[in-house]
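*Asks:* After the structure tokens below, expect a handful of questions from me.
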Amino acid sequence: MGLFDWLKGKKESVDQSAARREAPGRETGPGGLDESKFIPFYQAIADKLDEIVPGEWEEIAMYAEAFSGVATASFYYKEPGGETYLSGGKIPDRDGVDTNTYFRLMQELITDVKALQREFVQCGQPEWKALTFFLNSDFKFRAAYSYDLDEEVDSYQRQLCWAYQTLGLEPADGCGKTALREYLERERST
């Protein structure tokens with residue numbers, strides 16, 4: 001199964017009114033799962049993304065993977081009135097944020113993602129491998145979980161393809177462009 005098949009395929013999605021508010025009643029998600037149990041985890045992820053992005057922002061889109069003992073996260077954000085997403089990975093260079101501080105906060109974000117995944121498993125749910133998390137400046141969010149990944153490519157290529165497919169972003173650097181092109185060519189030939 002290719003990444004684009006995965007993006008179109010097995011996903012479960014959760015919409016919530018606001019990550020910073022208490023869960024209204026007992027929201028249920030996929031399979032009748034009581035989503036209110038997960039509000040503290042969604043809030044931790046939202047708060048950490050807000051802490052990482054310096055200044056005002058309009059929307060944040062995060063992609064995270066957690067499987068086989070390895071976890072990664074990357075995100076993009078729009079500034080108020082902005083039309084394009086900015087890479088969260090460029091924050092230290094673009095905004096003068098200390099690199100050590102940035103990487104510490106990113107590690108805390110990954111820890112929050114893994115905690116959410118553990119809670120899903122403890123509630124008897126299947127372990128998801130990837131999380132897509134959209135957050136707006138009112139702290140309304142949407143989460144989608146994926147259970148299958150194209151393991152023939154690495155996490156970097158999956159993240160590039162996610163940004164391309166989900167946000168319409170193409171890599172700016174030569175290495176990223178090459179990795180995306182090779183992946184797309186491989187997908188077309190299968």
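The values are calculated or read from the model by the stated rules, or taken from the named source; none is laboratory data. Because the structure is predicted, anything quoted here is derived from the model rather than measured. Reconstructed Cβ throughout: ideal geometry from the backbone, glycine too, with neighbour counts over all protein chains shown.
*Asks:* Regarding the stretch 26-35, can at least one residue be identified that is at pLDDT below 65, surrounded by 15 or more Cβ atoms within 10 Å (Cβ to Cβ) and either out of contact with any Leu (no Cβ under 6 Å at 6 or more places or on another chain) or closer than 20 Å to R118 by Cα (or both)? Lay out the reasoning, then the answer.
*Replies:* Looking only at the stretch 26-35, we keep the residues that are at pLDDT below 65, and these are 26-32.
Narrowing the set further to residues that are surrounded by 15 or more Cβ atoms within 10 Å (Cβ to Cβ) leaves 27, 29.
Still in the list and also either out of contact with any Leu (no Cβ under 6 Å at 6 or more places or on another chain) or closer than 20 Å to R118 by Cα (or both): 27, 29.
Within the stretch 26-35, one or more residues are at pLDDT below 65, surrounded by 15 or more Cβ atoms within 10 Å (Cβ to Cβ) and either out of contact with any Leu (no Cβ under 6 Å at 6 or more places or on another chain) or closer than 20 Å to R118 by Cα (or both).
*Asks:* Hey, which of the helices (runs of 4 or more DSSP H) in the stretch 26-137, taking only ones fully inside, have at least 1 residues that are more than 13 Å from the chain's Cα centre (by Cα) and polar (S, T, N, Q)?
*Replies:* Numbers: elements: 39-52, 91-95, 99-122.
So the answer is 39-52, 99-122.
*Asks:* Might you let me know whether the stretch 137-149 holds any residue that is of a type in the set (D, E, K, R) and either touching a helix residue (DSSP H, G or I) at 6+ places or on another chain (Cβ under 6 Å) or under 17 Å from S68 (Cβ atoms) (or both)?
*Replies:* If we filter the stretch 137-149 for residues that are of a type in the set (D, E, K, R), which is where we start, we get 138, 140, 142, 148.
Still in the running and either touching a helix residue (DSSP H, G or I) at 6+ places or on another chain (Cβ under 6 Å) or under 17 Å from S68 (Cβ atoms) (or both): 148.
Within the stretch 137-149 (the criterion being of a type in the set (D, E, K, R) and either touching a helix residue (DSSP H, G or I) at 6+ places or on another chain (Cβ under 6 Å) or under 17 Å from S68 (Cβ atoms) (or both)), the answer is yes, since at least one residue qualifies.
*Asks:* Only one of E83, E51, E56 is of a type in the set (D, E, K, R), at pLDDT below 95 and either surrounded by fewer than 20 Cβ atoms within 10 Å (Cβ to Cβ) or in contact with a Ser or Thr (Cβ under 9 Å, 6 or more places away or on another chain) (or both); which?
*Replies:* That would be E83, the only listed residue that is of a type in the set (D, E, K, R), at pLDDT below 95 and either surrounded by fewer than 20 Cβ atoms within 10 Å (Cβ to Cβ) or in contact with a Ser or Thr (Cβ under 9 Å, 6 or more places away or on another chain) (or both).
*Asks:* Just the residues that are surrounded by fewer than 17 Cβ atoms within 10 Å (Cβ to Cβ), at pLDDT 95 or above and farther than 18 Å from V53 by Cα, please, taken from the stretch 122-150.
*Replies:* R142
*Asks:* Please go through the stretch 90-127 and pick out each residue that is among the aromatic types (F, W, Y) and without any contact (Cβ under 8 Å) to a residue 40 or more places away in the chain.
*Replies:* In the first step, residues of the stretch 90-127 are kept if they are among the aromatic types (F, W, Y); the result is 102-103, 120.
F103 - this is the single residue of the stretch 90-127 that is among the aromatic types (F, W, Y) and without any contact (Cβ under 8 Å) to a residue 40 or more places away in the chain.
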